[in-house]
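For reference, the structure discussed in these notes is given below.
The values are calculated or read from the model by the stated rules, or taken from the named source; none is laboratory data. Note that this is a predicted model, so its numbers are computed, not measured. Cβ coordinates were reconstructed from backbone atoms using ideal geometry, including for glycine residues, and neighbour counts include every protein chain displayed.
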Amino acid sequence: MTLNYKNLNDLDRYKIMSNTIVPRPIAWIVTEDAGVINAAPFSYFIPLSSNPATLIVSIGKKEDESPKDSLANILKTKKATICFANKDNLEELKLCATSLPKDVSEVKEYSIEVTKILEDFPPMITSSQSALFCEFHSTIDLGGDTTPVILEIKQQFIKDECINEKLHVKMDNVGRIGTSFAAMVKI
Ligand SMILES: Cc1cc2nc3c(=O)[nH]c(=O)nc-3n(C[C@H](O)[C@H](O)[C@H](O)COP(=O)(O)O)c2cc1C
């Protein structure tokens, strides 16, 4: 079967792409605005380059067509902390996908523990093994409903037990396959 993307509607394209381009890592993005800590997962997420250390995450709109809180906060504060999900914090991650009013914090609402690691960046999800402290780089206008955001990684936290002196990193990340989740394990 060959699928001509011109003949697929948005939902069908999403279904095919998100079940084919798998597993995708999940960026659990923490942002802040006026003291409200926002946290939400995004799986249209991929590294772009190590020099400069950049990644891209594609953020859609809310049902009312307004920007999602994560995008609004990144554009306003120019900062984001990207955390990683593992099987132990997956339920918290799923809760963070709920669309709450902008002045309601997911981490407060769902009692998710966060830790302030760096003064100048939003806190990280405490149960994550690693966090990328990022600054806004740019957005790309694709003319569609989503906004791809390029972020530059400035600093990274990794739990001591996940990295050795040779900088070998071992993460227990959970990724996205369609609308399900899968452990990203080495074979
Ligand atoms: C695992 C997972 C991955 C998601 N990936 C994306 C994504 O790549 N882009 C997007 O716009 N929304 C994605 N969502 C939906 C957002 O998490 C959801 O719209 C959330 O409410 C946005 O929150 P915010 O308004 O606080 O930014 C995903 C949800 C889940 C559970």
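Which residues, counting only those in region 123-144, are assigned to a loop (DSSP other than H, G, I, E, B) and touching a Lys or Arg at 6+ places or on another chain (Cβ under 6 Å)?
Scanning region 123-144 gives Pro123, Gln129.
Every residue, every condition in (1) of a type in the set (Phe, Trp, Tyr); (2) more than 8 Å from the ligand (Cβ to nearest atom); (3) at pLDDT below 95, yes or no:
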position: Val36; (1), (2), (3): no, yes, no
position: Pro41; (1), (2), (3): no, no, no
position: Pro47; (1), (2), (3): no, yes, no
position: Ile59; (1), (2), (3): no, no, no
position: Glu63; (1), (2), (3): no, yes, yes
position: Lys79; (1), (2), (3): no, yes, no
position: Leu90; (1), (2), (3): no, yes, no
position: Ser105; (1), (2), (3): no, yes, no
position: Ile112; (1), (2), (3): no, yes, no
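Among all residue pairs at least 6 apart or on different chains, which show Cβ distances below 9 Å where the first residue, located in region 57-72, is farther than 16 Å from Ala27 by Cβ and the second is within 7 Å of the ligand (Cβ to nearest atom) and among the hydroxyl-bearing types (Ser, Thr, Tyr)?
Lys61/Thr146; Lys62/Ser99; Glu63/Ser99
Of the residues Ser180, Ser138, which is under 26 Å from Pro52 (Cβ atoms), surrounded by 10 or more Cβ atoms within 10 Å (Cβ to Cβ) and either of a type in the set (S, T, N, Q) or modelled with pLDDT under 95 (or both)?
Ser138
Quick check on this structure: which one of Ile29, Ile21 is of a type in the set (A, V, I, L, M, F, W, C), out of contact with any strand residue (DSSP E or B) (no Cβ under 8 Å at 6 or more places or on another chain) and within 14 Å of the ligand (Cβ to nearest atom)?
Ile21
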